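Below is one structure, written out as structure tokens; comments come after it.
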Amino acid sequence: MITPFSVPAIWMPTRFRDIGTETGTRCNLAGCENHRASELALEAIANPSPDLVIDHWDSQDRTLREALARRHGVRAEQILLTSGATGGIRYAFEVFAGPDTRIGLLSPDWPGFRFYAERARGSVSRLHSPGFPYAFTPVEVAAFVRDRAVDFLILANPSAVTGRLWEAGEVAELLTACPDTLFVIDEADAVHPELSAAALVDTHRNVLFIGSFSKFYGLSGLRIGYLVTPREHADHLARTISPAEVTSLALVAARAALADREYQRRTRQDVARNLDVLEKAVAGTPVRLVPGSRCFAAYLDTDAAAPDLTELLAGHGVDIVPGSGFGLATGGRVNLSNPELVDRLVAVLPQVSKALTTDGVRPTSTGPAPVSG
């Protein structure tokens, strides 16, 4: 009899709801990271005709791909639409990874990468950064890739955990240092499309970039993302992606959200404001913030001997994602898009800091260097 194959269940740092238990409108669309959706996107799909809902439009909508191509400085043929960023990740693994592939992962990073790596049945190696501020440099990653002879490495940039961002020049440094390794760069958490390194697909054949409409564009409820690829890989990916990959509603909303520059400006404004408020609030407290976030994620941390920060905050009604979900022993990730959440966190921070200080905890600023394993 055929034996089934499975891997540990995919874990995502978000909470899902059942239909009928939600409060407020059922058409927010955003939900995942961005706390609101584009008004233009909502208008675009308001009162859709039955044809819009049921008809199978071309999932590789030319107009949307051309708009994305202009934003990233590539050709439309190099953009392939997928069912969210996770669809892009899945197809990257399906086309380029298999049982003989040596796969590299970073830790901490988005936890779902492990699911796809193990499903590919390749051999998996990890580069760990176990100490604050949990950062990697291109030089460290290149050394890991060469030491472990990694064929395929996937990472989030900006970091889905801490928000740290490699500039395009740093990404190019890594691609140049390891020309025989395919790098999959997940930019799903970005809030600054102008800082995307995706145009490097025109000068480097060993990289794919993954984008998403779930976060910055506020459409997590419609599941639409995309891949940016060198031209020589485009046909291989296109042959694998389902011809019915995304819905017509998602295409219509994505085109509207991509054109809504005012919505994008407000999103960046909220993120910048919330990060500034959080940085000022933690100064001089036992709580430390990983510096340099350039996305929706900010990471709060404490000394390893301190009480669990996420539990302390939860006791005051503030919910952040525990570091354990990302392989970290302390701290947790904060969503920077929602001013209400950040303001509630800041309001209870004096009480949380008092609880930490009572235990004699003081922040430290350095940690162990990255290690591979």
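Scan the stretch 150-157 and give yes if some residue there is over 25 Å from Ser123 (Cβ atoms) and either in a helix (DSSP H, G or I) or modelled with pLDDT of 95 or more (or both), otherwise no. No, there is no match, as no residue in the stretch 150-157 is over 25 Å from Ser123 (Cβ atoms) and either in a helix (DSSP H, G or I) or modelled with pLDDT of 95 or more (or both).
Annotation note: Cβ proximity below 6 Å between a residue of the stretch 349-372 that is part of a loop (DSSP other than H, G, I, E, B) and modelled with pLDDT of 60 or more and a residue that is open to solvent by less than 90 Å² (accessible area, probe 1.4 Å) and of a type in the set (D, E, K, R) (sequence gap 6+ or interchain) occurs for Pro370/Glu140. A single member of Leu165, Leu175 is aliphatic (A, V, I, L, M) and in a loop (DSSP other than H, G, I, E, B), and it is Leu165. Consider the stretch 79-125 and keep the residues that are aromatic (Phe, Trp, Tyr) and more than 16 Å from the chain's Cα centre (by Cα). The one that is surrounded by the fewest Cβ atoms within 10 Å (Cβ to Cβ) is Phe96. Counting only residues that are among the aromatic types (Phe, Trp, Tyr) and in contact with a strand residue (DSSP E or B) (Cβ under 6 Å, 6 or more places away or on another chain), the stretch 252-295 holds 0 of them. Residue by residue through the stretch 190-234, note down the ones that are more than 19 Å from Gln264 (Cβ to Cβ), of a type in the set (Ser, Thr, Tyr) and open to solvent by less than 10 Å² (accessible area, probe 1.4 Å). Hit for the stretch 190-234 is Thr229, nothing else.
Close contacts from the stretch 143-170, counting a first residue that is free of Cβ contacts under 8 Å to residues at least 60 places away in the same chain and over 16 Å from Val334 (Cα atoms) and a second that is aromatic (Phe, Trp, Tyr) and open to solvent by 50 Å² or more (accessible area, probe 1.4 Å), with Cβ to Cβ under 8 Å and a gap of 6+ residues or different chains, come to Phe152/Phe96.
Residues that are assigned to a strand (DSSP E or B) and either closer than 20 Å to Ala188 by Cβ or over 21 Å from the mean Cα position of the chain (by Cα) (or both) within the stretch 247-302 comprise Arg288, Cys295, Ala297, Ala298, Tyr299, listed in sequence order.
Screening Asp276, Asp301 for residues that are of a type in the set (Asp, Glu) and either at positive phi or buried (at least 19 other Cβ atoms within 10 Å of the Cβ) (or both) leaves exactly one candidate, Asp301. Of all residues in the stretch 307-334, those being open to solvent by less than 20 Å² (accessible area, probe 1.4 Å) and among the aliphatic types (A, V, I, L, M) number 6.
The values are calculated or read from the model by the stated rules, or taken from the named source; none is laboratory data. The structure presented is a predicted model; accordingly, all values stated were derived computationally and were not measured. Every residue, glycine as well, gets a Cβ built from its backbone with ideal geometry; the counts of neighbours run over all protein chains shown. The accessibility values were calculated without ligands, DNA or RNA, using every heavy atom of the protein model including side chains. Shrake-Rupley method; radii C 1.70, N 1.55, O 1.52, S 1.80 Å.
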